[in-house]
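Before any comments, here is the structure.
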């Protein structure tokens with residue numbers, strides 16, 4: 001007796017179709033699971049046996065072989081429990097098998113036969129739609145999440161017996177479709193009206209939000225670097241539905257998606273400076289998304305940048321450049337998206353007071369060690385490098401200079417201009433332009449081009465830095481609703497990258 005049940009393995013963040021093939025033959029009682037099954041899948045034998053017996057079914061006292069195909073794909077996690085149990089019931093004639101070709105099932109089993117939620121329900125629903133299946137059976141707690149995918153039917157069940165009833169095919173036996181559950185009201189976003197002073201940092205935040213540019217802020221402790229960084233998401237455009245589905249799928253696979261609705265706000269991730277390279281960009285024995293992927297379509301904030309381990313920072317170089325990171329384990333290569341805006345903050349020295357009114361207590365060796373922590377190749381991939389000065393007492397008493405609502409309107413207008421200009425390309429904003437797109441889509445006036453050339457000839461910019469300055473200058477022009485980059489745009493972009501822009505462009 002043989003049965004076949006469709007389920008899904010989460011490979012990185014992508015669903016891979018898996019067929020659970022169950023064969024029952026006469027012989028000494030045994031239950032064997034094959035097909036590159038991980039430890040959690042092998043342990044499913046005991047969970048499935050107890051769940052079947054406690055649900056009122058009979059566990060066959062025969063030789064049972066369950067194959068998870070394709071055998072070349074590693075299977076990890078408890079999401080195969082329900083598929084194994086349903087396949088065993090169908091092979092033993094205790095569950096209707098006529099509907100198995102139309103449905104997939106995904107979920108963990110308790111010993112009592114209840115279906116428990118597990119990571120990746122949204123990814124499994126997307127896999128069911130791509131595979132041409134009619135529906136997906138999932139635990140009730142994850143049914144609303146799976147129902148976010150259009151084009152398939154989602155059956156919410158509480159137990160193994162309820163899943164068997166769905167497969168029996170009777171409309172009255174099928175549980176009702178999961179009710180649409182609205183996402184909880186988002187927490188109130190932090191607003192730039194809380195900031196006092198900081199005219200230049202506010203301008204840099206506006207440019208970073210408008211063009212998707214990476215930003216490094218340097219300044220003494222307490223000057224407002226973290227406060228500014230945490231308010232950047234309030235300037236970013238709202239997520240589109242496709243972007244929200246992508247972010248929700250990543251967070252669901254990572255196990256941090258708590259409510260059944262879509263992620264509505266752009267992610268903001270601020271990992272501690274002790275994080276490892278695999279924790280930052282993804283990896284591990286079973287590769288999972290890192291903080292860079294959890295910040296996809298949002299902001300990754302690295303506070304105290306100079307305190308991060310050097311290998312962790314160097315691992316960020318490829319994700320910053322390519323918008324994705326490739327994790328290779330054995331003969332498998334998994335791709336995790338990392339299209340985020342990097343905001344970093346650092347002190348000017350270990351004590352934090354170099355160049356300020358307070359005396360710096362750091363020696364030359366400490367200063368040199370501090371500078372070595374921030375490699376040139378990493379800094380060269382950042383578009384905006386600026387100093388955040390300590391606000392004065394008058395600044396603290398003064399009214400706010402700007403609000404998030406006011407600046408977001410300008411950011412949205414600039415983003416719309418970029419989307420129209422970049423339509424048909426792989427980029428959606430200026431921060432994603434590569435060298436070829438910069439040459440073909442950025443119009444520069446003669447005076448601006450000559451000034452940028454002099455800055456490059458002086459050695460102040462690398463070839464990568466030259467293109468990044470052009471990208472920032474193009475964003476400044478977009479904020480002013482201009483099609484061509486002017487000299488003032490290039491000078492502003494240079495000032496936000498070099499300490500002495502005028503000397504760099506001097507003849």
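The values are calculated or read from the model by the stated rules, or taken from the named source; none is laboratory data. Since the structure is predicted, the reported quantities are computational estimates derived from the model, not experimental observations. Cβ atoms come from the backbone with ideal geometry, glycine included; neighbour counts cover every protein chain shown.
Sort out for me the strands (runs of 3 or more DSSP E) sitting completely within segment 1-50 that have 2 or more residues that are under 30 Å from the mean Cα position of the chain (by Cα).
2-11, 14-25
Residues are listed down the side, and each one gets a yes or a no for (1) at pLDDT below 85; (2) closer than 19 Å to residue 348 by Cβ:
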| residue | (1), (2) |
| --- | --- |
| 366 | yes, yes |
| 372 | yes, yes |
| 376 | yes, yes |
| 388 | no, yes |
| 400 | no, no |
| 405 | no, no |
| 410 | no, no |
| 415 | no, no |
One residue from 77, 83 being closer than 22 Å to residue 130 by Cα and touching a helix residue (DSSP H, G or I) at 6+ places or on another chain (Cβ under 7 Å) | 77
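Only one residue in 455, 402, 447, 435 is surrounded by 14 or more Cβ atoms within 10 Å (Cβ to Cβ), over 17 Å from residue 201 (Cα atoms) and in contact with a helix residue (DSSP H, G or I) (Cβ under 7 Å, 6 or more places away or on another chain), so which one is that?
Of the residues listed, the single one that is surrounded by 14 or more Cβ atoms within 10 Å (Cβ to Cβ), over 17 Å from residue 201 (Cα atoms) and in contact with a helix residue (DSSP H, G or I) (Cβ under 7 Å, 6 or more places away or on another chain) is 455.
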Search result, residues across segment 260-292 that are buried (at least 17 other Cβ atoms within 10 Å of the Cβ) and over 19 Å from residue 343 (Cβ atoms) = 260, 262, 263, 277, 278, 282, 283, 287, 288, 289
Filtering segment 80-100 down to residues that are under 22 Å from residue 147 (Cβ atoms), modelled with pLDDT under 95 and touching a strand residue (DSSP E or B) at 6+ places or on another chain (Cβ under 8 Å) yields 100
Determine, yes or no, whether residue 36 is under 27 Å from residue 255 (Cα atoms), modelled with pLDDT under 95 and either in contact with a helix residue (DSSP H, G or I) (Cβ under 7 Å, 6 or more places away or on another chain) or in the same structural domain as residue 141 (by TED's automatic domain parsing) (or both).
-> yes
Under the condition of being surrounded by 13 or more Cβ atoms within 10 Å (Cβ to Cβ) and either touching a residue at least 60 places away in the same chain (Cβ under 8 Å) or not assigned by TED's automatic domain parsing to the domain that holds residue 493 (or both), which residue from segment 470-482 is farthest from residue 438 (Cα to Cα)?
-> 479
Across segment 313-352, what is the total count of residues that are touching a residue at least 24 places away in the same chain (Cβ under 8 Å) and in a strand (DSSP E or B)?
-> 14
Could you pull out every one of the helices (runs of 4 or more DSSP H) wholly within segment 144-238 that has 3 or more residues that are crowded, with 22+ Cβ neighbours inside 10 Å and modelled with pLDDT of 95 or more?
-> 199-211
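Yes/no per residue for (1) closer than 21 Å to residue 11 by Cα; (2) assigned by TED's automatic domain parsing to the domain that holds residue 206; (3) touching a residue at least 24 places away in the same chain (Cβ under 8 Å):
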position: 246; (1), (2), (3): yes, yes, yes
position: 253; (1), (2), (3): yes, yes, yes
position: 259; (1), (2), (3): no, yes, yes
position: 262; (1), (2), (3): no, yes, yes
position: 272; (1), (2), (3): no, yes, no
position: 277; (1), (2), (3): yes, yes, yes
position: 284; (1), (2), (3): yes, yes, no
position: 293; (1), (2), (3): yes, yes, yes
position: 307; (1), (2), (3): no, yes, yes
Looking at 390, 401, 358, 381, which is the one that is in contact (Cβ under 8 Å) with a residue 40 or more places away in the chain, part of a loop (DSSP other than H, G, I, E, B) and within 30 Å of residue 284 (Cα to Cα)?
-> 381
